[in-house]
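All remarks here apply to the structure that follows.
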Amino acid sequence: MRIDIITVVPDLLKSPFEASILKRAIEKNLVEIHFHNLRDYTTLSYKQIDDYQYGGGAGMVMMIEPIDKCISKLKSERSYDEVIYLTPDGEVLNQNMSNSLSLKGNLIMLCGHYKGVDQRVRDLFITKEISIGDYVLSGGELAAAVLCDSIIRLIPGVLGNETSALTDAFQDNLLSPPIYTRPSNYKGYEVPDILLSGHKKKIDDWRDEKALQRTKDRRPDLLEE
Ligand code: 6GU
């Protein structure tokens, strides 16, 4: 997989890819990440990439020309499966969307800033608009990092234990059951006996029951889907 990220603040985005699982995925050549600074694609003075909005109103709007130049250059070099715009008014990200994006080859992610991009960018270039939740971030960069993480960890070979992505919370629209590790007794607080019993079937049943109960308590909406 190859992901091209277009941003005005590449510095905001770099560190998530320089540690832990994402770093290892890049080192194993399972994914390539390329950053593109939108300011490198403007022909205007002071590397301007935004301007006031027509019709008036507070807030700057990202102009179409630098975005067109950047996306067109990328598309002239290879084909892309999706051109994603990160925006709070996009479709809210869920595990199903990450699962299906993890099967794609090449992706472009455009990070919105200020008030967002000129509507013509969305009409002409964008194939998918994604939000990471109902709250507002200063820009799409952190959202792009979240989206990349959720996708990349699903690429086969990225996680050490091949099965572990399949047992994630949300993979069956269920939250995860409680988990424990050593010691079995900490200051009198004990691990449930069943987990120490060695009965595989009973343990699986216990986990299923706890996952269902937790989902009923915390996220009943997941069970209705
Ligand atoms: Cl994708 N962008 C911004 N600016 N805020 C957000 C978001 C995206 N998703 C949730 N909030």
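Miscellaneous remarks
- Residue count, the stretch 113-136 (criterion: in a loop (DSSP other than H, G, I, E, B), acidic (Asp, Glu) and more than 19 Å from the chain's Cα centre (by Cα)): 1
- The selection criterion, being assigned by TED's automatic domain parsing to the domain that holds GLU141 and buried (at least 16 other Cβ atoms within 10 Å of the Cβ), holds for LEU74.
- The condition of being assigned to a strand (DSSP E or B) and assigned by TED's automatic domain parsing to the domain that holds SER72 holds for only one of LEU103, LEU147, LEU110, that being LEU110.
- Considering residues of the stretch 81-98 that are in contact (Cβ under 8 Å) with a residue 60 or more places away in the chain and surrounded by fewer than 19 Cβ atoms within 10 Å (Cβ to Cβ) only, the residue nearest to SER138 (Cα to Cα): ASN94
- Some residue of the stretch 66-78 being more than 20 Å from GLY140 (Cα to Cα), without any contact (Cβ under 8 Å) to a residue 60 or more places away in the chain and outside any helix (DSSP H, G or I): no
- Candidates ILE71, ILE5, ILE26, filtered to the one that is hydrophobic (A, V, I, L, M, F, W, C), closer than 24 Å to SER150 by Cβ and touching a strand residue (DSSP E or B) at 6+ places or on another chain (Cβ under 6 Å): ILE5
- Of the criteria (1) open to solvent by 70 Å² or more (accessible area, probe 1.4 Å); (2) within 25 Å of ARG153 (Cβ to Cβ); (3) in a loop (DSSP other than H, G, I, E, B), which one PRO178 fails: (1)
- Within the stretch 71-96, if we keep just the residues that are more than 16 Å from the ligand (Cβ to nearest atom) and among the small types (Gly, Ala, Ser), the residue that is nearest to LEU38 (Cα to Cα) turns out to be SER72.
- Looking only at the stretch 106-145, and only at residues there that are in contact with a strand residue (DSSP E or B) (Cβ under 7 Å, 6 or more places away or on another chain), open to solvent by less than 90 Å² (accessible area, probe 1.4 Å) and farther than 19 Å from VAL92 by Cα, the one that is farthest from the ligand (Cβ to nearest atom): ASN106
Okay, residues lined up against (1) among the basic types (Lys, Arg); (2) more than 22 Å from GLY133 (Cα to Cα):
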residue: ASP51; (1), (2): no, yes
residue: GLY56; (1), (2): no, yes
residue: MET63; (1), (2): no, yes
residue: PRO66; (1), (2): no, yes
residue: ARG78; (1), (2): yes, yes
residue: VAL83; (1), (2): no, no
residue: THR87; (1), (2): no, no
residue: ASN96; (1), (2): no, no
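- Residues of the stretch 146-170 that turn out to be within 16 Å of the ligand (Cβ to nearest atom) and either loosely packed, with under 11 Cβ neighbours inside 10 Å or charged (D, E, K, R) (or both), as a count: 1
- When the stretch 28-43 is filtered for residues that are over 13 Å from ILE3 (Cβ atoms) and either loosely packed, with under 13 Cβ neighbours inside 10 Å or among the charged types (D, E, K, R) (or both), the ones remaining, listed by number, are LYS28, ASN29, ARG39, ASP40, THR43.
The values are calculated or read from the model by the stated rules, or taken from the named source; none is laboratory data. Note that the coordinates shown come from a computational prediction; the quantities given were computed from them, not determined experimentally. Cβ atoms come from the backbone with ideal geometry, glycine included; neighbour counts cover every protein chain shown. Accessible surface is based on the protein model in full, side chains and every heavy atom, while ligands, DNA and RNA are left aside. Shrake-Rupley method; radii C 1.70, N 1.55, O 1.52, S 1.80 Å.
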